[in-house]
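To keep things clear, I will list the structure first and then write my remarks on it.
What follows draws every value from the coordinates through simple rules; no lab data is involved. Every value quoted in this text rests on a predicted model; they were computed, and no experiment measured them.
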Amino acid sequence: MCCEGKEACSLHDPVWVPAVARAVEGERLTISLTVPDSCASKPINGVRYLWRETPCLFKEAAVYSGEDPDLPAPPYIQYF
């Protein structure tokens, strides 16, 4: 996740910090993230998944397709 301002999130890779998924629930994908200390009391300006690890090693992605469990979910990025 990125909590360093929208401009920084879109331009500078080092401002992104890891956030651990705590739970995946329901038919629709819902992931709860633990906010790192470096982002405490700051607005979250972006989240991304598999941005640097694509392609990932077989069966080592965190999220897989519901239609084909052998395929990881595609990389994802969302700015707020």
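Quick notes on this one:
- For TYR64, residues with placed amide H under 5 Å, excluding near neighbours: ALA73
- Amide H contacts under 5 Å for LEU33, placed H, 5+ residues apart: ARG22
- Potential lengthening between HIS12 and ILE77 on full extension [0.36 nm per residue; Cα-Cα distance subtracted]: 22.0 nm
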